[in-house]
Amino acid sequence: MDISQSHDDVVEHADFYDRNSSPQYTFGKRLFEQGLKLTEAGHAILDLGCGTGSLIPDLVKKVGPGGCVVGVDPDAGRIAVARKSMSTYRNVRFIKGTSSDAFYLEPFDGVISNFAMHWVPESEIESTFTDIYGMLKPGGHFAANITMQPDSIANEICRLTTGREEADLMCWNCQPPSYWQELSQAVGFEVVRASEEPMINPLQDVEAFLEFVHAYSDGRNDWRALTSDELFGVLRKHGIQSLDEPWEYHALRVELVLRKPE
């Protein structure tokens, strides 16, 4: 994030992200609802990389009044939005920071991370997984959605708006299931599942898709900064003729479910 951004800019980008992050929410909710023993009544749950807290109400319902949910995110604006929107919840708290800042909190029954681990640089990912392992109670689970391959149109838009040519500009550490499985086992986890899954999410139209790409990058990849020829040069290669066509976000994700041994 640009450190020259004002507080208002940071919160504005967070609000914008909150309004346009439905693709992530859909798969995050699916992650802990499809048969995972992650969230039960009375549990203490950590949402690592919680963003604006879209999953928090669902997690609170799972743990009930006897449990608690902690949301951690390094983005000050997103934490501010989360605190404001979740202010009525008595068993929820938010912390601006990373896994190392959550390490000294109470041990957790489960940790969930929804499309955040691919933003952790490869040089820091092992220490992050070690932190998560240390936070969990024996028998606790860590479940994560991790982008494996971003949407190809999104990457092309990012290349134009940033002037950079890297293969995966939408993420920093996109890796296949085997990478995450080996890393997890090296830290000490039992791997319950490490699978490649499609990430297909219907959006209202092409413009909504472009807004999601913009929001996902804290406002850096603004498609409106492109000329019409630049924008439609990308879109027409994929058969898109107008911004109001219905569209779907297509990517690949890794669904990772780990268990800390008893």
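Please treat every number below as a calculation from the coordinates, not as lab data. None of these values were measured; they are calculated from a predicted model. Positions of Cβ are backbone-derived with ideal geometry, glycine not excepted, and every protein chain shown enters the neighbour counts.
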Discussion item. Over region 189-253, what is the relative contact order in percent, taking alpha-carbon pairs closer than 8 angstrom and at least six residues apart?
Written reply: 59
Response to the item:
For Lys29, the lysines lying under 19 Å Cα to Cα, once residues fewer than eight places off in the same chain are dropped, come out as Lys37, Lys61, Lys62
Item to complete: DSSP loop (so not H, G, I, E, B), at most 11 other Cβ within 10 Å: list which trypsin sites (Lys or Arg not before Pro) in region 81-118 pass both filters.
Response: Arg90
Practice prompt. Can you tell me the order of 156-162, 119-125, 188-194, 236-242 when each peptide is scored by its average per-residue count of other Cβ atoms within 10 angstrom, highest first?
Written response: 156-162, 188-194, 119-125, 236-242
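Taking the Cα centre of region 88-203 as the origin, how large is its charge dipole in debye, to the nearest 20, when only Lys and Arg (+1) and Asp and Glu (-1) carry charge on their Cβ atoms?
My answer is approximately 500 debye.
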Worksheet item: Highest mean first, what order results for 53-65, 97-109 on Cβ atoms within 10 Å?
Response: 53-65, 97-109
Item to complete: Give me the Debye-computed log₁₀ of I(q)/I(0) at q = 0.25, 0.31, 0.32 Å⁻¹ for region 107-159, equal point scatterers on Cα only, no solvent, two decimals.
Response: -1.00, -1.20, -1.22
Fill in: Pairwise Cα inverse-distance average, inverted: Kirkwood Rh of region 96-248 (Å)
17.5
